[in-house]
1. Of the numbered conditions (1) within 16 Å of the ligand (Cβ to nearest atom); (2) in a loop (DSSP other than H, G, I, E, B); (3) open to solvent by 60 Å² or more (accessible area, probe 1.4 Å), SER131 satisfies every one except a single condition; which is it?
2. May I ask you to list the residues in the stretch 1-26 that are under 26 Å from GLY124 (Cα atoms) and open to solvent by 10 Å² or more (accessible area, probe 1.4 Å)?
3. Of the residues in the stretch 200-216, how many are among the aromatic types (Phe, Trp, Tyr) and either over 16 Å from the mean Cα position of the chain (by Cα) or surrounded by fewer than 19 Cβ atoms within 10 Å (Cβ to Cβ) (or both)?
4. I want to confirm something. Restricting to the stretch 158-199 and keeping residues that are within 12 Å of the ligand (Cβ to nearest atom) and among the polar types (S, T, N, Q), which single residue is most open to solvent (accessible area, probe 1.4 Å)?
5. Tally the residues that are touching a residue at least 40 places away in the same chain (Cβ under 8 Å) and either part of a helix (DSSP H, G or I) or surrounded by 14 or more Cβ atoms within 10 Å (Cβ to Cβ) (or both), restricting the search to the stretch 83-103.
6. Looking only at the stretch 1-12, decide whether some residue is within 17 Å of GLY174 (Cβ to Cβ) and out of contact with any Lys or Arg (no Cβ under 8 Å at 6 or more places or on another chain).
7. Given (1) touching a His at 6+ places or on another chain (Cβ under 7 Å); (2) away from the ligand (no atom under 16 Å from the Cβ), identify the lone condition not met by PRO92.
Amino acid sequence: MAAALNLAWEQLGQHVFRCRLPICDVTIGLVHAAGEVLLIDTGTTLPEARAIAEDVVVLTGREVGDVLLTHNHFDHILGHSVFAGARTYCSPEVVATMATQVEHLRADAVGHGADADAVDRAVGALAAPSSSIAAAVIALGDVEVAISHPGRGHTDHDLIAVVTGEDPAVVFCGDLVEESGDPCIDEQSDLLAWPATLERVLAAGGDGAVYVPGHGALVDATFVRRQAEWLAGLAT
Ligand SMILES: [Zn+2]
């Protein structure tokens, strides 16, 4: 009998999955092909991250070898220590946050309802990657994952991952796109730049791609375009 999964994974293509974690409904992405596994974001607590790690082995027969952290918000990065052996792709700002802003990460996580003890354990285990890689093309057999920074928006350093070699292409948008609520705009955001950044996300994925928001249900190019127009309206 196949081992049970901890989390509900949606299959988006032959080689692509994602799930939505209980804390903040944050998206975790998974791309696997040719014996390689890329994970996109890592959740808030160690139990969440361990549940992901176990599921990856069940789904792929492999362990996570590469991790992309889309940006420096707690729900995307605090589970990272569970994958400390993997190669990490992220912006320099994520490395800096993990190295010097752990108190802020902790307060933000607890403020959003995460269990304080669980957050303390995740923060205590966290180690910043030794370097940042904010742009790369990862070839996994016939599947290619292009990691890039399309511009300022939700933060000044959001990264996206465009998966091609799948039909349709899949774009992991991080929090540049949100579906379950309005896009989160805070002091790190650049509202004026965000719409043009989304145009670059759309150009990277194309009209037929599946767009995976950082929070919420899968969307299409039309939704992303509407969100860009909504943000542009706010900016004026
Ligand atoms: Zn965020």
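1. Of (1) within 16 Å of the ligand (Cβ to nearest atom); (2) in a loop (DSSP other than H, G, I, E, B); (3) open to solvent by 60 Å² or more (accessible area, probe 1.4 Å), only one is false for SER131: (1).
2. ASN6, LEU7, ARG20, PRO22, ILE23, CYS24, ASP25
3. The qualifying residues number 0.
4. GLN188
5. Of the residues in that region, 10 qualify.
6. No, that holds for no residue.
7. The one condition PRO92 does not meet is (1).
One line per residue, one yes/no per condition, for (1) more than 18 Å from LEU7 (Cα to Cα); (2) at pLDDT below 95; (3) touching an Asp or Glu at 6+ places or on another chain (Cβ under 6 Å):
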residue	(1), (2), (3)
ARG62	no, no, no
GLY85	yes, yes, no
VAL95	yes, no, no
ALA99	yes, no, no
ALA107	yes, no, no
ASP115	yes, no, no
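The values are calculated or read from the model by the stated rules, or taken from the named source; none is laboratory data. The structure presented is a predicted model; accordingly, all values stated were derived computationally and were not measured. Quick reminder, even Gly has a Cβ in these numbers, built from the backbone with ideal geometry, and neighbours come from all protein chains shown. These area figures cover heavy atoms from the full protein model, side chains too; ligands, DNA and RNA do not enter into them. Shrake-Rupley method; radii C 1.70, N 1.55, O 1.52, S 1.80 Å.
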